[in-house]
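The values are calculated or read from the model by the stated rules, or taken from the named source; none is laboratory data. Computed from a predicted model, the values in this text were never measured in an experiment. So basically every Cβ, Gly included, is an ideal-geometry build from the backbone, and we count neighbours across all protein chains shown. Calculation scope for accessible area: heavy atoms of the full protein, side chains included, ligands and nucleic acids excluded. Shrake-Rupley method; radii C 1.70, N 1.55, O 1.52, S 1.80 Å.
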Amino acid sequence: MELALPHVVVWTTGPGLGSDLVAALAAHPVEVSEIRGQVEAERAATSRPPLLVVLVCPLDAAARVAASAKTFPGVPILLYTHLPATLAPADRPVGVVIEEQSANQPISEICWQVAEVLSRTIRSSQTPERRLGPMRIELDRKGIVGPAFNLRGIWFFPGPCPQPGESFLNFLQSEDRGLFTRYLELASEGALSFFPVRVLDRSGAAHPMHAGLRFTGAGGVDLILQPLIDCAPIVGRRRGTRDPLTGLIDRWELWRQMEQRGASAGPACVLFAKLDAFESIATTMNFQQVDEVFDRVASAITRVFPWPAQPSRLTGGAFLCLITDTTAERLRTRAQRLIQLVNRIGGEGVFNELRFGMSIGIADVIDGDHDLAVRLAETAVREARAAGGNRVVIAGPDTLVHLRVGDLQSNIDLDTWELWLQPVVRGIDGKPEFHEALARFGTAPEPKITRPDFFISGQLTGLLERFDRIVMLRSLELLTAHSQLRLSVNVTRETFASESFPEAAIGMVRDSQIDPSRIIIEISPVCLTLPEDLVRPRLQHLEDASIAVALDDFGSGVCSLRHLTDFPIAMVKLDELVTSYVADDPLQRNFVRMVVNLCRARGIRTVAEWTRTIEQMQRLAEDGVELFQGELLGMPMPPTEVLPPRTSPQPRP
C-alpha cells in the first residue's frame, strides 16, 4: 500500500487568510489543496479524499459546513470565523467532528491546530497516512515523556520508542539535543516554534523530522512530530505535496523521481517552460486572475503532455516537466502546440485582453544526468527569450554546445579570459561579506560568460579540472595581494569527483600561506548526487582544513533537503528560481522560509542570488536570509574596479 502525506483541504473564499494559510501549510509535511467552490470540492473528493477540511471565513458558515459534510462525508472540519459560536446545534451534521476556532489569531497558531487535529485523526486510524502523519507527545519542561503517553505500535519506526518517564532527548541526534533544549525553554516561556530535528531509529540512523513545541500550562509542553517533507525513505514511498494553485506535483517530488530513475531507466528529456514577461504583466492583475492564469497554463501542459509526463510549477511563471521514453527533437511539435494554447489565454473578459507568450527549452537526459538536462533546458529558455520569446529551443544544436567546448579550450590556451568579482553583501549593513570569483571569456567591455558546468562531462574530459585549477590559482593570487579580501570559487563536478580533489586544492591554499577561512569553495547540488562514500570524505576533508563549502544554485536542478542535513555544508546560495518571486508568490515565500529555518537550525548561512529589487531584498531579509548577491548590490567587475589599489610601503626617513 502506498504511504502518503496527510491530505488537507482548505476551503477559502479567495485571497486573504485562506490563501495565507495554504502558503504557510506548504512549509509543513502535508499535502494541501485549496478550493474555492463546489466543483473544486467535488474534484478534490474524487481525486484523493482528505483527512481534514479547513473552512476559512465562509459567508454562510452553516451552508458551507453542510456542503463540506456532504462532499467529504465523515471528514473532520476545522471552522475559522471572526465571530464566536457561529453554528447552532441544528447546523452540526451527524457523524462529523467540528471544531470552531477564531480567525483572529496568528497563522502559526492555526498551523498548530491543523497538526493537532490531524494527530488525533490519524493516530486513531489505520490509514496509509498514519506513519507519515503528525504525532502529539506530551513532555515536561525537561523533555520527559508524560505518563499518559504510550507510543508502542504507533511510533514511526519498528523497535524501541519513547516510554513514559523517559527523556525524549535520548532519541535525538546528539548535535540536535542542545537545539531542542533551547526550543523547550522558549516553549516554557510561551513561544510556539516549528523547527527541524533528527530522530534516531533502533539502528542509530538519523531521520529529519518536522517538530513543533508549545507550552500547555502546569509545566507541560506539547510536542508535534512528523517526518520531514523530503524524508520518504523512512517509511516507504509517499505522494508528493502539490502546488495548491495548479494541482501539479511539487519540485521535491519531481526531483525525487529524477534521482530514482538512474542512468539505465531508458530515454527521457526535460522540458523547461517560462511565461514571457509574466513579471510585468502580473502587476496589472489581481490575485484571482493570476491564480487563474497558473491553473490554465497547468491545464494546457497536462493536456499536451499527459501522464506519465510529470509537470511541476517551480515558481511564478516557470514550469518543469520530466517526460520519459522520448527524445527532445520528437517533442518540438508538441511544445509548439503548448505555446499556441498558452497564447490563447486572455482575450475579452477576465484578463482584459492580455496575451501570454511562452518560451520553452528542451534537453535530453544523457547518462542519467537529470541535473545537467535541467540546466541545459533552462539555458535554452534564456536563449529563446533573448531571441524574442514565444518559441522552442532544443539544447544541443540550438544552443551550440559543441562550439562552447572549442571556445573554452581556446580561451584557456590563449589566456584570453579574466577573473571578475561580484560582491555578496550582508543584509544588516550592506557591506561585502565576500566576493564571488567569476570567469569571464572574451574581451572587455562586454565579455561573455561560459558556464563549464553546462557541458556534458564526456566533452570536457580533463579540461574542466584544468580550468578549475587555473581559476583557483588566480584567486589565490588576489587573496595574497589583498589581505582584507575573501573569495568564493566555483568547482565543477568533474573536479569534485577527481582523485586529486580536495587534496590538490588544499595544497594550493596551504602553499599560498593565506588563512584558509578566506576562501569558500562553491559546488552545485549535482556534486552531492555522486556516491555518498565519495562525497562525504571530500567535504569532511575541506571542513577539517577550515575551508568552507557553499552549496550553489539551491532550488535549481536536482536538489534535496537531505543535502542540508546529511553533509557538512557551511552556506547555501538560493537560486534565481527560488528568490525571484518571493514578493509576489506566498507559496514561494514559505518555501524560502522552510529552507532558511532548516539552515538556521544547522548553523548554515543563506545567500539570496539574483537580488534585483529593494522589495525582494526586504522580503528575503524578513524571512531570515542573511546575505545577498545580484544586480541591485553590484554586478561582476574587474578586480581593479572593485579592490583598492595596492600601496607600496614608504621608506623610513
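Sorting Phe567, Phe554 by accessible area puts them as Phe567, Phe554; the probe is 1.4 Å, largest comes first, and only protein heavy atoms count.
Other residues with beta-carbon under 15 Å from the beta-carbon of Leu59 carry, at +1 per Lys or Arg and -1 per Asp or Glu, a net charge of 0. Taking all protein chains together, Cys57, Cys111 sort by accessible area into Cys57, Cys111, largest first [probe 1.4 Å]. Accessible surface computed residue by residue for segment 484-631, with neighbouring protein chains in place and a 1.4 Å probe, gives 35 Å² per residue. Partner aspartates and glutamates whose Cα lies under 12 Å from the Cα of Lys573, excluding those fewer than 8 positions away in the same chain, are identified as Glu436, Glu522, Asp552, Asp553, Glu609, Glu626. The share of accessible area on segment 484-562 that comes from carbon and sulfur is 47 percent, using a 1.4 angstrom probe. Taking all protein chains together and a 1.4 Å probe, the residues Glu622, Glu418, Glu116 rank Glu622, Glu418, Glu116 from largest to smallest accessible area. At 1.4 Å probe size, with the rest of the protein present, what percent of the exposed accessible area of segment 144-218 is carbon and sulfur atoms? After summing per-atom areas, the C and S share lands at 52 percent. Counting heavy atoms of the protein chains alone, Arg600 has an accessible area of about 140 Å² for a 1.4 Å probe. Over all other residues within a Cβ to Cβ distance under 14 Å of Phe168, the charged ones net out to 0, with Lys and Arg as +1 and Asp and Glu as -1.
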